[in-house]
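The values are calculated or read from the model by the stated rules, or taken from the named source; none is laboratory data. As the structure is a prediction and not an experimental result, all values here were calculated from the model. Heads up, the Cβs are rebuilt from the backbone with ideal geometry, glycines too, and the neighbour counts pull from every protein chain shown. Each accessible area value is taken on the protein alone, full model and side chains, heavy atoms only, with ligands, DNA and RNA left out. Shrake-Rupley method; radii C 1.70, N 1.55, O 1.52, S 1.80 Å.
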Amino acid sequence: IRCWSNIPFLTVPLSRAHGKSFAHRSELKHAKRIVVKLGSAVVTRGDECGLALGRLASIVEQVSMLQNQGREMMIVTSGAVAFGKQRLRHEILLSQSVRQALHSGQSQLKDMAIPVLEARACAAAGQSGLMALYEAMFTQYSICAAQILVTNLDFHDEQKRRNLNGTLHELLRMNIVPIINTNDAVVPPPEPNSDLQGVNVISVKDNDSLAARLAVEMKTDLLIVLSDVEGLFDSPPGSDDAKLIDIFYPGDQQSVTFGTKSRVGMGGMEAKVKAALWALQGGTSVVIANGTHPKISGHVITDIVEGKKVGTFFSEVKPAGPTVEQQAEMARAGGRTLAALQPEQRAEIIYRLADLLTDQREEILLANKKDLEEAENKGRLALPLLKRLSLSTSKLNSLAIGLRQIAASSQDSVGRVLRRTRIAKALHLEQVTVPIGVLLVIFESRPDCLPQVSALAIASGNGLLLKGGKEAAHSNQILHHLTQEALSIHGVKDAVQLVNTREEVEDLCRLDKLIDLIIPRGSSQLVRNIQKAAKGIPVMGHSEGICHVYVDTDASVEKVTRIIRDSKCEYPAACNALETLLIHRDLLRTPLFDQIIDMLRVEQVKIHAGPRFASYLTFSPSEVKSLRTEYGDLECCIEVVDSVQEAVEHIHKYGSSHTDVIITENEQTAEFFLQHVDSACVFWNASTRFSDGYRFGLGAEVGISTSRIHARGPVGIEGLLTTKWLLRGDNHVVSDFSEHGSMKYLHESLPLPHRSAN
């Protein structure tokens with residue numbers, strides 16, 4: 001128990017020792033005591049007369065949620081002047097309308113002028129109503145709120161300071177949300193040149209400085225400043241080159257050009273930044289964000305506390321390397337330089353990387369050993385993921401062979417002419433291949449993915465951002481170092497970047513102005529999360545690999561067990577492994593069926609019975625919970641169908657459009673299956689495991705796509721290219737081709753060159 005000004009209260013244990021602000025966004029989830037400052041533009045309507053009730057209700061809901069989690073929430077609010085202005089205008093209009101109706105008649109009501117209302121009078125009229133509104137809203141969440149009105153003088157008088165501090169602590173102890181505002185009805189004008197002169201002095205001249213002062217006085221962990229802009233920009237928002245600053249560090253003020261203040265309120269962004277830096281100096285972390293945007297205002301506060309990349313985060317700890325935004329810009333610039341190289345030069349880079357994988361194998365395997373040991377000690381990876389994490393000499397040799405295959409096949413990938421048309425005399429049109437731009441590849445556990453994807457990006461002239469799992473950190477680091485060493489032979493080292501910051505995947509998916517395509521490589525859950533999180537960026541990949549093998553009545557006995565064993569047992573964790581085995585009904589209780597079951601038992605494959613298969617058995621294996629299951633292990637489902645048509649219908653209903661196989665000697669049945677199954681890869685008498693970029697002769701793949709736009713199936717170099725149109729003319733204008741013009745359209749197809757110039 002402690003006392004402030006003879007008022008006893010119990011201190012609430014904080015989750016950390018106060019005195020130093022959080023260094024990273026990810027630490028904000030540990031914030032115990034939080035101040036939320038609501039700017040005038042957040043609380044008021046666009047007409048500056050009245051409150052934005054929907055936004056206010058959403059903010060109260062978020063604050064209540066955090067309060068009920070055991071945090072200590074405080075609100076510094078504006079809005080009394082706007083609320084009072086609404087009430088006084090209504091009263092004045094009502095009064096004027098009555099007087100004018102009595103003396104002048106109804107015809108002059110439309111000409112009534114609203115007098116200019118004095119702000120202090122508006123504040124006096126609005127404070128009680130504003131507080132009543134907060135109380136009504138918080139009551140819906142069984143939370144009590146209390147109002148505190150302050151002025152600058154309350155902080156300069158030591159006794160008043162102690163009283164205020166004690167009152168706030170007592171309210172927090174009783175689980176009450178203090179709602180603080182400057183007492184605008186009596187507030188004096190700020191003293192000139194009296195603010196921001198040290199940790200103990202800040203003039204409370206607006207709610208920004210009030211929030212900063214309170215945050216430091218109350219040893220607050222986090223101050224959230226909500227305004228009508230996304231955060232702090234390096235130049236006024238709306239200007240052509242304005243960029244949102246993700247993290248702002250003390251001393252960065254020189255790199256920022258401040259604009260005018262918001263449409264309402266006392267302070268502008270410059271005042272917010274000064275207040276934020278003052279609070280940061282006092283040990284309180286600060287985030288400035290948008291509280292008015294309809295798409296994010298409903299969860300902006302909770303997103304900030306969860307550590308998501310929202311607004312501008314103020315930090316005293318400056319990272320050693322570039323930010324992910326800077327890395328993306330470097331990748332774009334490097335990618336453009338890469339695309340401008342001759343095809344032989346890009347191939348030379350890939351050949352060099354292939355040589356480095358074999359020449360530096362000992363260093364690579366040593367780094368990989370560290371990852372494996374750490375993963376095993378922490379016990380956080382399942383056996384299939386450990387296998388994916390592991391590198392070996394044979395894996396590195398295979399990687400090198402695949403990279404050389406990419407280099408050899410990439411000679412005319414970028415700048416290849418796909419179509420030539422003579423539009424008119426001396427007006428020629430070409431469609432040529434070009435890189436997509438900047439790729440973001442997110443992968444789990446598989447360090448061998450890094451050189452594969454890098455080689456494909458280099459061959460296609462794309463800039464590349466790589467985000468690997470932390471379980472492969474050591475392996476990824478050395479492989480990326482070797483990739484940059486290979487790129488350096490032609491001065492394009494920056495084209496491939498490895499993200500090493502604490503960036504969350506969800507935050508990376510929001511960089512729609514910097515990234516052109518996202519390619520996830522990992523679990524189905526990872527892919528689904530990325531598809532859900534991506535905002536305005538296309539995602540190429542597949543969320544599930546539910547691959548089927550259908551055994552027809554005309555299947556060869558010798559082929560069936562070989563293909564099924566390879567499809568399921570060769571690498572059960574792969575996305576192209578068999579998950580559901582469809583058996584024609586006429587094969588039940590035949591020697592072929594018994595051979596299939598015996599082989600699966602020998603391989604220790606756990607069998608799950610589909611509903612129809614279970615109905616034929618007296619004692620059946622465990623019935624499958626869902627026919628849409630990707631096991632990723634030595635498990636599979638067996639189901640019975642009556643015909644190839646029914647097999648196709650089953651695949652369309654329960655499959656994932658990845659890879660599906662028919663085993664039959666009947667060519668007509670096989671062709672029906674090949675033509676009617678609508679999947680990315682459809683095979684006849686071949687293992688599902690052939691669905692792979694290397695096995696298709698692509699050298700490697702960035703992934704397997706089940707989407708129907710752009711690229712489908714294993715995606716190699718071709719899937720990382722798009723096109724642009726080149727038109728070469730000689731003083732041509734469209735008006736020459738009008739009805740009475742001098743020129744006519746020809747639209748003649750021209751032969752393609754054997755090999756285009758880059």
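Applying the Karplus relation 6.51 cos²θ - 1.76 cosθ + 1.60 with θ = phi - 60° to the range 736-752 yields 3J(HN,Hα) values of 5, 9, 6, 4, 9, x, 8, 10, 10, 6, 9, 6, 9, 6, 10, x, 7 Hz, where x marks Gly and Pro. Annotation: extensible slack from residue 90 through residue 175 equals 26.9 nm (criterion: 0.36 nm per residue apart, minus Cα-Cα distance). Peptides 593-603, 648-658, 84-94 ranked from most to least packed give 648-658, 84-94, 593-603, packing being the mean of other C-beta atoms within 10 angstrom over each peptide's residues.
Can you tell me which lysines have their Cα less than 30 Å from the Cα of residue 559? Leave out same-chain residues fewer than eight positions away. Result set, ordered by chain and number: 387, 395, 568, 606, 625, 653.
When ranked by the protection proxy of mean other Cβ atoms within 10 Å per residue, highest first, what sequence do the peptides 25-35, 70-80 form? If you can, show how the numbers build up before the last one.
Details: 25-35: 19.8, 70-80: 23.5.
The densest-packed peptide leads the list: 70-80, 25-35.
When the solvent-accessible area of the chain is split by element, carbon and sulfur atoms take up 51 percent of it, the probe being 1.4 Å. Here residue 696 and residue 431 are evaluated by their C-beta separation; at R0 = 22 Å the FRET efficiency comes out at 0.30. Taken along the Cα-to-beta-carbon direction at a fixed 7 Å, the label points for residue 666 and residue 163 span 9.5 nm.
Applying a threshold of 23 Å to the alpha-carbon distances of 243/532; 318/369; 29/513; 37/309 flags 243/532; 318/369; 29/513 as lying beyond it. Compared with the alpha-carbon gap, the fully stretched path from residue 118 to residue 645 is longer by 181.7 nm at 0.36 nm per residue.
Amide hydrogen proximity for residue 623: with H placed 1.01 Å from N in the peptide plane, the residues at 5 or more positions away or on another chain lying under 5 Å are 609.
Projecting label points 7 angstrom from Cα along Cα→Cβ for residue 421 and residue 136 puts them 6.3 nm apart.
Multiply the residue separation of residue 525 and residue 625 by 0.36 nm, subtract the distance between their alpha-carbon atoms, and state the gained length in nm to one decimal. Before the final figure, lay out each step's value.
Numbers: separation 100, 0.36 × 100 = 36.00 nm, distance 1.84 nm.
Here the segment from residue 525 to residue 625 would lengthen by 34.2 nm.
Averaging 1/r over every pair of different alpha carbons in the range 324-533 and inverting the result gives a Kirkwood radius of 17.9 Å.
With Cα atoms defining each centre, the range 454-478 and the range 695-758 are spaced 28 Å apart in the structure. Close amide-amide hydrogen proximity is noted between residue 415 and 433, 434, each under 5 Å apart and 5 or more residues distant or on a separate chain (H modeled in the peptide plane; Pro and chain starts excluded).
Hey, what's the range 324-533 come to in accessible area per residue, 1.4 Å probe, Å²? Walk me through the numbers before you get to the answer.
Working: 8420 Å² over 210 residues.
Accessible area per residue, the range 324-533: 40 Å².
Computed with a 1.4 Å probe over protein heavy atoms only, the accessible surface of the range 548-701 comes to 45 Å² per residue. Shown for the chain are the DSSP H helices of 27 Å or more along their axis, judged by Cα atoms, with a mean Kyte-Doolittle hydropathy of at least -1.0: 80-103, 119-139.
Residues whose amide H lies under 5 Å from that of residue 146, counting only those 5 or more places away or on a different chain, are 177, 179; hydrogens are built 1.01 Å from N in the peptide plane. Taking label points 7 Å from Cα along the Cα-to-Cβ direction, residue 652 and residue 408 give a separation of 4.1 nm.
Inter-part distance, the range 39-85 to the range 121-189, computed on C-alpha centroids, equals 13 Å. At what distance in angstrom do the alpha carbon centres of the range 210-247 and the range 565-619 lie from each other? The range 210-247 and the range 565-619 have Cα centres spaced 60 Å from each other.
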